[in-house]
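Here's the structure, in structure tokens; my notes come after.
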Amino acid sequence: MTTIRTVEELRAALTSARRQGLTIGLVPTMGALHEGHLSLIRRAREQCDRVVVSLFVNPAQFNERSDLERYPRQEADDARLAAQAGADLLFAPSAEEVYPPGFVTSVEVLGISERLEGAARGAAHFRGVCTVVTKLLCMCQPDIAYFGHKDAQQVAVICRLVRDLNLPVRIETCPTVREPDGLAMSSRNALLGPDARERALALPVALRAAAELTGAGERSVEVLLRSASDALARFDVEPEYLAIVDPDTFAPRDLLDRLDRPALLVLAARLGDVRLIDNALLEPAAVETVSTEARAAAVHTAIAAETQTPDHPGAPGFGIAVTGGSPFTHQPPQGEPSPCSA
Ligand code: AMP
């Protein structure tokens, strides 16, 4: 694997592959690679002839200076891991290469990007994401670009961007990879102290409580949200947001709505000074004919999972079988709607 720093070198390195009609996959990352990133690289390796991993901690998408400054940076390790996962090229440009003097253009996707993460982090966040992703797609011109479902709103925004600008690329979404106890892998997990790491388990437990209830036949948006917020409260975690939204538009479902189609439960919370996000797909269609007994049993199990506390976090994987596909498996649950499907 070769590490390259400039757009010129990147284009030169890909010219021959492009001329031969080989497929090029791009995996954009901010580094500090973990199994989540590596799953994207491996997927790209399976599907493409050439795999480019970009490594760029994009200052434009950070709304907090301290978050940018302490974001983990470990290029040598990243290069080794990316190569092992099958990358051919590591594109690690400087900030000046991406934003040269005089740079004034930005890309903004309205609507989807103004909600939830956009509201919590400010308009500059998704503007920064959209601008850098557009630039990376133009620099590399991949056939397929790979993104993680962990950042579900980001995927929805990027899919909208690609459609709206007719960018000639396919967006491939990969499922969230989790630690054995259910915590979604994130480069920021390394910044959690021991207490915050234990309490961070609140996120997957809350998501799972709602997913279990959905699997058991519960359709009330209000009840599902309450099950998740009760679970968070048991870990003394206050959500920055907690919502059930449409997977494509991220429009929030009304409290009085009933789930008649798949929806996403999304949440963000601060553990100390580390901000984490996560989401789970709620799939009502999978269990339309659940029996009363099965429902009671599943509700019981969900409540048992919810009542786990940092002192009693439960066994890896929580020991819960989710009807209709778990949002915690490494494979996409059956029928997971792609934000790119609209
Ligand atoms: P980042 O380096 O945080 O910008 O992430 C780069 C890509 O990896 C994004 O598309 C993320 O959604 C994806 N990603 C991050 N964490 C995970 C995870 N736990 N599982 C799957 N994909 C992930």
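The values are calculated or read from the model by the stated rules, or taken from the named source; none is laboratory data. Every value quoted in this text rests on a predicted model; they were computed, and no experiment measured them. Glycine gets a Cβ as well: all are built from the backbone with ideal geometry, and neighbour counts include every protein chain shown. Side chains included, ligands, DNA and RNA excluded: accessible areas come from the protein's heavy atoms. Shrake-Rupley method; radii C 1.70, N 1.55, O 1.52, S 1.80 Å.
Among what's in segment 192-222 and is of a type in the set (D, E, K, R) and more than 18 Å from Ala152 (Cα to Cα), pick the residue that is nearest to the ligand (Cβ to nearest atom). Filtering first and then ranking leaves Arg197. The set of residues in segment 103-152 that are under 15 Å from the mean Cα position of the chain (by Cα), aromatic (Phe, Trp, Tyr) and farther than 16 Å from Ile24 by Cα contains only Phe126. Taken as a whole, the condition of being farther than 19 Å from Glu97 by Cβ, more than 11 Å from the ligand (Cβ to nearest atom) and touching a helix residue (DSSP H, G or I) at 6+ places or on another chain (Cβ under 7 Å) does not apply to Gly21. Consider segment 127-146 and keep the residues that are touching a strand residue (DSSP E or B) at 6+ places or on another chain (Cβ under 6 Å) and among the hydrophobic types (A, V, I, L, M, F, W, C). The one that is nearest to the ligand (Cβ to nearest atom) is Ala145. When restricted to residues that are in contact with a strand residue (DSSP E or B) (Cβ under 6 Å, 6 or more places away or on another chain) and either within 11 Å of the ligand (Cβ to nearest atom) or outside any helix (DSSP H, G or I) (or both), segment 175-191 contains 4. Looking at segment 88-96, can you tell me whether even one residue there is at pLDDT 95 or above, open to solvent by less than 60 Å² (accessible area, probe 1.4 Å), touching a His at 6+ places or on another chain (Cβ under 9 Å) and among the charged types (D, E, K, R)? The answer is no, given that none of the residues of segment 88-96 is at pLDDT 95 or above, open to solvent by less than 60 Å² (accessible area, probe 1.4 Å), touching a His at 6+ places or on another chain (Cβ under 9 Å) and among the charged types (D, E, K, R). Just one of the listed residues (Arg73, Arg43, Arg50) is closer than 23 Å to Thr134 by Cβ, open to solvent by 40 Å² or more (accessible area, probe 1.4 Å) and within 13 Å of the ligand (Cβ to nearest atom), namely Arg43.
For Ala206, which of the numbered conditions (1) more than 16 Å from the chain's Cα centre (by Cα); (2) open to solvent by 10 Å² or more (accessible area, probe 1.4 Å) fails to hold? Ala206 satisfies every listed condition except (2).
List pairs: first in segment 138-156 and among the β-branched types (Val, Ile, Thr), second within 7 Å of the ligand (Cβ to nearest atom) and assigned to a helix (DSSP H, G or I), Cβ under 7 Å, 6+ apart or cross-chain? Hits for this filter: Val155/His149.
Against the test of being touching a residue at least 12 places away in the same chain (Cβ under 8 Å), near the ligand (Cβ under 10 Å from one of its atoms), farther than 17 Å from Val132 by Cβ and out of contact with any Lys or Arg (no Cβ under 7 Å at 6 or more places or on another chain), the options Leu38, Leu55 yield a single qualifying residue, Leu38. Restricting the first member to segment 167-180 and to residues that are under 27 Å from Arg197 (Cα atoms), and the second to residues that are within 8 Å of the ligand (Cβ to nearest atom) and of a type in the set (D, E, K, R), the beta-carbon pairs closer than 6 Å and six or more apart or on different chains are Thr176/Lys150; Val177/Glu35.
Per this entry, Val223 is counted among residues that are among the hydrophobic types (A, V, I, L, M, F, W, C), modelled with pLDDT of 95 or more and surrounded by fewer than 17 Cβ atoms within 10 Å (Cβ to Cβ). Can you name the number of the only condition in (1) open to solvent by 50 Å² or more (accessible area, probe 1.4 Å); (2) touching a strand residue (DSSP E or B) at 6+ places or on another chain (Cβ under 7 Å); (3) modelled with pLDDT under 95 that Arg170 fails? Result: Arg170 passes all but (3). When Pro28 is tested against (1) under 19 Å from the mean Cα position of the chain (by Cα); (2) at pLDDT below 95, exactly one condition is not met: (2).
Rundown of residues vs (1) β-branched (Val, Ile, Thr); (2) under 16 Å from the mean Cα position of the chain (by Cα); (3) modelled with pLDDT under 95, yes/no style:
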| position | (1), (2), (3) |
| --- | --- |
| Glu9 | no, no, no |
| Gln20 | no, no, no |
| His37 | no, yes, no |
| Arg42 | no, no, no |
| Arg65 | no, no, yes |
